[in-house]
Amino acid sequence: SQELVDGETVTFTAAASGSPAPTVQWQESADGGATWADLSGETSGSLSFTASMSKSGNQYRAVFTNVLGSLATNAATLTVNTAPAIASQPSDQTVVHGQQVTFSAAATGRPEPTVQWQVSTDGGSTWSPVTGAITTTLSFGASRAQNGNLYRALFTNGCSSTSSEAATLTVNQAQTATTITSHTPSPSEAGQA
């Protein structure tokens, strides 16, 4: 059995002895070995092709035949992994100081990718991990010091890493109520009274 990345070349090999020397025919099963189909033209000791997600989980075997009968090898399973692909991007957020802010992102991939949120305080030139932010949602209470920070999610699996687009956090000063404690009429207002 083999596990590799989508787009890589997979090669299965098999050999058998017999007299007279047996011929070989490679077969493929897409239903867990319940049924097998001959692969056209695949009659050598090795089978090579480009792995794709559509083939992940399929099984392959070689059937050796001579005048005395046929014998199949054990089935080998192909597992095809894919690099993370962003499924949803985080959105820019505008909040007031002290308000809860939430960014979310998602990605697909095989094996399922892990996530690490990152923050940039210099317009995206450098990125640092956000401590403990390893789920698809990042939530925290925003402060004025974080105004203009960029946030992105970095998704990683055994194939590679892919980051989401950067989302900008805008933190406005908390609004305060305006209270009039006293009012002295101006001369024009007094004249109108």
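The values are calculated or read from the model by the stated rules, or taken from the named source; none is laboratory data. This is a predicted model, so every value here is computed, not measured. Neighbour counts run over all protein chains shown; Cβ positions are idealised from the backbone, glycine included. The accessibility values were calculated without ligands, DNA or RNA, using every heavy atom of the protein model including side chains. Shrake-Rupley method; radii C 1.70, N 1.55, O 1.52, S 1.80 Å.
Pairs meeting the criteria (first residue in region 90-111 and at negative phi, second residue among the charged types (D, E, K, R) and open to solvent by 60 Å² or more (accessible area, probe 1.4 Å), beta carbons under 9 Å, at least 6 apart or on different chains) are PRO90/GLU165; HIS97/ARG144; ALA105/GLU165; ARG110/ASP6.
Cβ-Cβ contacts under 8 Å between residues 6 or more apart (or on different chains), taken from a first residue in region 31-58 that is of a type in the set (Val, Ile, Thr) to a second residue that is assigned to a loop (DSSP other than H, G, I, E, B), are listed as THR50/GLY7; THR50/GLU8. Within region 50-70, the set of residues being buried (at least 17 other Cβ atoms within 10 Å of the Cβ) and either over 19 Å from the mean Cα position of the chain (by Cα) or part of a strand (DSSP E or B) (or both) comprises LYS55, ASN58, GLN59, TYR60, ARG61, ALA62, VAL63, PHE64.
Is it the case that some residue within region 109-122 is of a type in the set (Phe, Trp, Tyr), within 30 Å of GLU3 (Cβ to Cβ), assigned to a strand (DSSP E or B) and out of contact with any Ser or Thr (no Cβ under 8 Å at 6 or more places or on another chain)?
Initially, region 109-122 is screened for residues of a type in the set (Phe, Trp, Tyr), giving 117.
Narrowing further to those that are within 30 Å of GLU3 (Cβ to Cβ): 117.
Among the residues that remain, those that are also assigned to a strand (DSSP E or B) are: 117.
Going one step further and asking which of them are out of contact with any Ser or Thr (no Cβ under 8 Å at 6 or more places or on another chain), we end up with 117.
The answer is yes; a qualifying residue exists.
Residue check: ASN74 meets all listed conditions (1) outside any loop (DSSP other than H, G, I, E, B); (2) open to solvent by 60 Å² or more (accessible area, probe 1.4 Å) but one, namely (1).
When the residues of region 12-38 are filtered to those that are open to solvent by less than 60 Å² (accessible area, probe 1.4 Å) and part of a strand (DSSP E or B), which remaining residue is nearest to ASN81 (Cα to Cα)? Break it down stepwise before answering.
Here is the first cut: in region 12-38, the ones open to solvent by less than 60 Å² (accessible area, probe 1.4 Å) are 12, 14, 16, 18, 22, 24-29, 33, 37.
Still in the list and also part of a strand (DSSP E or B): 12, 24-29, 37.
Numbers: PHE12: 17, VAL24: 29, GLN25: 27, TRP26: 23, GLN27: 22, GLU28: 19, SER29: 19, ALA37: 24 Å.
Selected residue: PHE12.
Residues that are open to solvent by less than 80 Å² (accessible area, probe 1.4 Å), under 30 Å from GLU8 (Cα atoms), modelled with pLDDT under 95 and not acidic (Asp, Glu) do not occur anywhere in region 165-188.
Looking at this structure, is VAL95 under 30 Å from GLY57 (Cβ atoms) and hydrophobic (A, V, I, L, M, F, W, C)? Before you say what the answer is, go through the steps one by one.
Details: under 30 Å from GLY57 (Cβ atoms): no; hydrophobic (A, V, I, L, M, F, W, C): yes.
Taking the combined requirement at face value, the residue does not satisfy it.
Checking every residue in region 77-94 against the condition of being among the charged types (D, E, K, R) and open to solvent by 40 Å² or more (accessible area, probe 1.4 Å) gives at least one match.
Going by what's in this entry, would GLU112 be described as closer than 30 Å to LEU150 by Cβ, among the charged types (D, E, K, R) and open to solvent by 40 Å² or more (accessible area, probe 1.4 Å)? Can you show your working first?
On the way: closer than 30 Å to LEU150 by Cβ: yes; among the charged types (D, E, K, R): yes; open to solvent by 40 Å² or more (accessible area, probe 1.4 Å): yes.
Here the answer is yes, as GLU112 does meet what is asked.
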